[in-house]
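The values are calculated or read from the model by the stated rules, or taken from the named source; none is laboratory data. Note that the structure is a prediction, hence the values are computed from the model and not measured. Backbone-built Cβ (ideal geometry, glycine too); neighbour counts: all protein chains shown. Ligands, DNA and RNA are stripped out before the accessible areas are found, and what is left, the full protein with its side chains, is counted by its heavy atoms. Shrake-Rupley method; radii C 1.70, N 1.55, O 1.52, S 1.80 Å.
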Amino acid sequence: MRFLLSTEQREFASGLDALLAAADVPAAIRARAAGDPAPFRALWRRLAAADVPALAVPERFGGTDLLPLELALACVELGRHVVPGPLAETFAASVLLDGTPCAAELLPRVVSGEAVLSLALPAHSPYAADPDLADAVLTVADGTLRIASAHGPLRQSLDPARRLARPECSGAGAPARNLERATAVAVLCTAALALGTGRRLLAATVGYANTRVQFGTPIGGFQAVKHRLADVLLALEFAEPLLYAAALGLRDGGPDADADLYAAKAACGEAGYAAARAALQLHGAIGYTDEFDLSLWIRRARVLRSAWGTPSACRRRVLDARKGTTGLLVR
């Protein structure tokens, strides 16, 4: 298969990159970590003006219907700029809500940027990400979708802008008809976020290596540093086509869709984490400091590696899919 992005898709990604570059996202992360959600909310409304939340919302609620490839492109840029919040969870929850009684209330608010959603699926991700930021927290148990009435104690993750908690539900719910497809969206978006995070980490580390002088020469000229950065670049380059193949599989279905999806998550998660390790080691002690913005990307990469499927779990799913023992996508 020969695959190239269209001009419109490239322009969409470029426009989103420009929007986020002007948004001072690190300041929004630090505000969120300090308990102030206002900068994140303002950023989410700007993303809504660019139709980003609409990419997973059905057209009858103001969205575009699910566009997996465009959604992956958007999440790469969101990861590149380390945007906080329950991003993958909002996109997945938008798919899960379709056909439920509360869709008409929540989904138009997601499209307009007035609401974000979180999601916990016990079989995949038992903790809801950022439930204190979300306007609704969804969970599924025994095939029934419910909106959480409360959540347990908040737990801090490695990412300073990310909180986790188990949702607490009561009362009746609705059948979770889109569970498998929503799970696939969460996995795809998390993989794309990891890829974008790794891309930014590599670019920052290459720039630093070309300016940091040791023994009278930039450290980027040392063979060991070159090899380390080349390994990261290769990992990211090999992960990117897997991500696009997974997006196309989610869009079109097919016998290899499951395997492609989890192969992409494993590859993107590992590549992003490799970029974080290289960035931390080559920046030295400065990479550890909270005041240095790069630390936000380093810690995000570690979280995304495991979110919605650890590398080992994803590889197991790939093997199971190849053997025909599991199915994920329902058309």
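Computed values, structure above
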quantity: Yes/no for Arg300 being among the charged types (D, E, K, R) and surrounded by fewer than 22 Cβ atoms within 10 Å (Cβ to Cβ); calculated: no
quantity: Residue in segment 249-260 that is surrounded by fewer than 18 Cβ atoms within 10 Å (Cβ to Cβ) and either part of a helix (DSSP H, G or I) or of a type in the set (A, V, I, L, M) (or both) present; calculated: yes
quantity: Considering residues of segment 285-307 that are over 15 Å from Cys75 (Cα atoms) and in a loop (DSSP other than H, G, I, E, B) only, the residue nearest to the chain's Cα centre (by Cα); calculated: Asp293
quantity: Leading residue by the ranking (surrounded by the most Cβ atoms within 10 Å (Cβ to Cβ)) among those in segment 140-155 that are among the charged types (D, E, K, R) and touching a residue at least 24 places away in the same chain (Cβ under 8 Å); calculated: Arg146
quantity: Answer from Leu158, Leu243, Leu229 - the residue that is of a type outside the set (Ser, Thr, Tyr) and surrounded by 22 or more Cβ atoms within 10 Å (Cβ to Cβ); calculated: Leu243
quantity: Selection count where residues are buried (at least 24 other Cβ atoms within 10 Å of the Cβ), without any contact (Cβ under 8 Å) to a residue 40 or more places away in the chain and assigned to a helix (DSSP H, G or I), scope segment 46-66; calculated: 1
quantity: Filter result (open to solvent by 60 Å² or more (accessible area, probe 1.4 Å) and not in a helix (DSSP H, G or I)) within segment 7-24; calculated: Ala22, Asp24
quantity: Enumeration of residues in segment 79-115 that are open to solvent by less than 10 Å² (accessible area, probe 1.4 Å) and without any contact (Cβ under 8 Å) to a residue 24 or more places away in the chain; calculated: Ala115
quantity: Test: residue in segment 160-181 that is of a type in the set (Asp, Glu), closer than 23 Å to Leu87 by Cβ and either part of a helix (DSSP H, G or I) or without any contact (Cβ under 8 Å) to a residue 12 or more places away in the chain (or both); calculated: yes
quantity: So Ser118, is it surrounded by 14 or more Cβ atoms within 10 Å (Cβ to Cβ) and closer than 20 Å to Gly272 by Cα; calculated: no
